[in-house]
Amino acid sequence: MHKLVSKLVIYRNLPEDNLLFPLADICAEFAGGNYNKEALITRIYDQIHKLLDVATVNGFNKNLWHNYLTYLLVSCENPFSITCEKEGACYGTVNQFAYSDFQIIKELFDYDFAPMEKALGINCFSVICNYQSVPKKERRYNKNISEKVQALSAAIEEAQSAEAIYSLVTGFYKDFGVGKLGLNKAFRIVHPESGMEIVPISNTENIVLDDLIGYEIQKQRLIDNTEAFVKGRKANNVLLFGDSGTGKSTSIKAILNQYYPQGLRMIEVYKHQFQDLSAVIAEIKNRNYRFIIYMDDLSFEDFEIEYKYLKAIIEGGLEVRPDNILIYATSNRRNLINETWKDRQDVVTENGIHKSDTIQEKMSLVNRFGCTIYYGQPDQKEYFAIVDELAKRQGVAMSAEELHLEAKRFELQHGGISGRTAQQFINYVLGVREAEKN
């Protein structure tokens, strides 16, 4: 194995914590014959332990060795894989190195651990190659990644040549992408010891627009704008504003799920991270995806100046915002920056500035969103309709009269009428009934 791995060219830049190189060193030491049996077994178990951790996090099953090799292939960002992501299988001298690497991958898939197991008296490799995982809930792993990796792994198992593997892997890059940006839907910004990093959000809500009852006009406007964006047509930045609990954030999460298969990705950015926006855009602007930078519950007080970063990014700075990036924001108020009555007194200050100029400064941020969508609080009839539909979907067996009476009592104690209150009420009913059953 060591000789195989040492000949990799395109796929040499694997993560530092990969298992392939340590296992190759173990196999080389075993093949050399000059080793300490117990020490070698301990090192093998260390790597098997790490492999099981990776398999658990990603929900792998059956042949964990094959799954892991495939996971390395789909995670490795290099000039070849990123080019294939954009163009598909490409022509050129680089393919000679690619075919060589894929031949090595095939041999690694077929690698026989049996002689090592027999000599050392272990069976861990046989176990991981015929593994039956414990069923897990989706929220404990990224089902989307798991299914894609396992499907590609099974296809590579059947491949008879390096050329066949080349076709499978480059097709995967073209269809789904490569690395964290290709495999994941959503991301957030973190700050390690130095710099800024975009990291995946592994568990996102599996929600669709039909889960949001009502607001059909609002949802359609959001669909129209997003569909134009993912298809490469002109589209606008979007501001969803209105009453709390009406489904603004839910709509954006559902849009992500609906258009992820078409290349849509979402990066959640908080207000205190706006200074990182330029770095984020620089990292994603040349990738083959459409990115929505998502800002939830956006608003600013008088003393906060972060909105100036946002204004420059949206429209106004020297650098043009890339075509593959839009900004979607939600807010409980249309005027994102707090406005006072003093701002409306059109008088000249001691510094010679008109107060009306302050209003223009504050409104200029909202005006940079070309699509503004209002989500209003439902009336009581609409609230009961939402409760009825949620109760029907969840199998709540109560008469309409009893359901509405209880829903009215609940909303009076829990923040007033909204879609969110309706869902919380149904959760409450289901929880109480489950407790009564038990």
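The values are calculated or read from the model by the stated rules, or taken from the named source; none is laboratory data. All values derive from a computational prediction rather than experimental measurement. Cβ placement follows ideal geometry from the backbone for every residue including glycine, while neighbour counts extend to all protein chains displayed. Side chains included, ligands, DNA and RNA excluded: accessible areas come from the protein's heavy atoms. Shrake-Rupley method; radii C 1.70, N 1.55, O 1.52, S 1.80 Å.
Tabulated data for the structure shown
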{"item": "Subset of segment 141-158 (residues that are open to solvent by 70 Å² or more (accessible area, probe 1.4 Å) and without any contact (Cβ under 8 Å) to a residue 24 or more places away in the chain)", "result": "Glu147, Glu158"}
{"item": "Residue identified as at pLDDT 70 or above, over 30 Å from Ala407 (Cβ atoms) and open to solvent by 50 Å² or more (accessible area, probe 1.4 Å) among Lys285, Lys355, Lys342", "result": "Lys285"}
{"item": "Count - residues of segment 253-278 that are open to solvent by 70 Å² or more (accessible area, probe 1.4 Å) and either more than 22 Å from Ile314 (Cβ to Cβ) or assigned to a helix (DSSP H, G or I) (or both)", "result": "7"}
{"item": "Hits in segment 301-322 - residues which are out of contact with any Ser or Thr (no Cβ under 9 Å at 6 or more places or on another chain), at pLDDT 70 or above and of a type outside the set (D, E, K, R)", "result": "Leu310, Ile314, Pro322"}
{"item": "Long-range neighbours under 6 Å by Cβ, at least six apart or interchain, first residue without any contact (Cβ under 8 Å) to a residue 60 or more places away in the chain and within 12 Å of Leu20 (Cα to Cα) within segment 41-52, second assigned to a helix (DSSP H, G or I) and open to solvent by less than 80 Å² (accessible area, probe 1.4 Å)", "result": "Gln47/Pro22; Gln47/Leu23"}
{"item": "Members of segment 107-138 that are more than 17 Å from Ser153 (Cβ to Cβ), of a type in the set (A, V, I, L, M) and touching a residue at least 24 places away in the same chain (Cβ under 8 Å)", "result": "Met116, Ala119, Leu120, Ile122"}
{"item": "Residues of segment 370-416 satisfying the condition of being outside any helix (DSSP H, G or I) and without any contact (Cβ under 8 Å) to a residue 60 or more places away in the chain", "result": "Asp379, Gly395, Val396, Ala397, Met398, Ser399, His414, Gly416"}
